[in-house]
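Read through the structure below, which is laid out as structure tokens, and then see the notes.
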Amino acid sequence: MKDIDDIRLSAQRALWGAVPRSLRAFSAEVNDYVIRVRSVFDETATDEDRELLSIVGTEIIADYPSAFTITEEFLTVPASQAIQHLEILIYLRHEPR
């Protein structure tokens, strides 16, 4: 079975060059044969931004055997609100307080 380092490296590779300005955070977790990824955007996110992160999910699942599935969440959370992350935080945008 793939471990935490595998999902972390797979996600980092998939995000390379695919981080829109509206992305606040990206996190993931693996339970049994299900990969969950969560993309958290600010209010400026476009359909194109969400599509870009959907492609990231496709690239992640391609690194895993066919027994695995992926679920993707695309959330819009204003910068003034806290983010709920999944188990493994992959990307977090700097936001001055």
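Here, each number is a calculation from the coordinates, and none is a lab measurement. Worth saying up front: this structure is predicted, and the values here are computed from it rather than measured. Virtual Cβ from ideal backbone geometry, glycine too; neighbours counted across all protein chains shown.
Quick notes on this structure:
- Total residues in the stretch 1-12, condition surrounded by fewer than 17 Cβ atoms within 10 Å (Cβ to Cβ) and either over 17 Å from residue 72 (Cα atoms) or among the hydroxyl-bearing types (Ser, Thr, Tyr) (or both): 7
Here's the yes/no breakdown for (1) more than 16 Å from residue 89 (Cβ to Cβ); (2) surrounded by 14 or more Cβ atoms within 10 Å (Cβ to Cβ); (3) not hydrophobic (A, V, I, L, M, F, W, C):
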position	(1), (2), (3)
17	yes, no, yes
25	no, yes, no
30	no, yes, no
36	no, yes, yes
42	yes, yes, yes
56	no, yes, no
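- Test: residue in the stretch 58-81 that is among the hydrophobic types (A, V, I, L, M, F, W, C) and closer than 13 Å to residue 19 by Cα: no
- Residues considered: 63, 49. Of these, the only one that is outside any strand (DSSP E or B), in contact (Cβ under 8 Å) with a residue 12 or more places away in the chain and over 14 Å from the mean Cα position of the chain (by Cα) is 63.
- Test: residue 35 is among the hydrophobic types (A, V, I, L, M, F, W, C) and in a strand (DSSP E or B): yes
- The stretch 66-83: number of residues that are surrounded by 12 or more Cβ atoms within 10 Å (Cβ to Cβ) and assigned to a loop (DSSP other than H, G, I, E, B): 4
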